[in-house]
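Structure first, then comments.
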Amino acid sequence: MCCYLAVKTTVTFSGEGRGGRNTEFLLSLAIATGGKNGIWGLAADTDGIDGSENNAGAIITPDTLLRAKALGIRANEFLARNDAYSFFSALGDLVATGPNRTNVNDFRCIIVTERW
């Protein structure tokens, strides 16, 4: 089954962290799915800049939370301080395309390869 939904997300900023709405969306998705096997995701801004940082977005993989835990990184703490950029940077999972100055939209893709 395939579903398409166009939604522009927002971030309620309350922390001192770095990042934009795409990385925050993915960090929230990783936490919400609890690292279930078979869930992959990509979220990026088409202009190459997510928020005020130098990345377009990030990716999540089925082992995102496990890799974070192995590094002593607590996903919930990064989300609470709006610091998704630092979370994904530490994992090497930022998507950096460079700015192209053509903001068409945000792009999000979630792939579920296994039933959970």
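Take the stretch 28-49 and flag every residue that is crowded, with 19+ Cβ neighbours inside 10 Å and touching a Phe, Trp or Tyr at 6+ places or on another chain (Cβ under 6 Å).
Scanning the stretch 28-49 gives A43, A44.
Hey, could you check the stretch 23-50 for residues that are among the small types (G, A, S) and without any contact (Cβ under 8 Å) to a residue 40 or more places away in the chain and say which is nearest to A84 (Cα to Cα)?
A32
Go over the candidates G98, G72 one by one and state the one that is without any contact (Cβ under 8 Å) to a residue 40 or more places away in the chain and on the phi > 0 side of the Ramachandran plot.
When all the criteria are applied, what remains is G72.
Every number here is computed from the coordinates shown, using simple stated rules; none is lab data. Everything numeric in this text was worked out from a predicted model, so none of it was measured. When we count neighbours, we look across all protein chains shown, and the Cβ atoms used for this are built from the backbone with ideal geometry, even at glycine.
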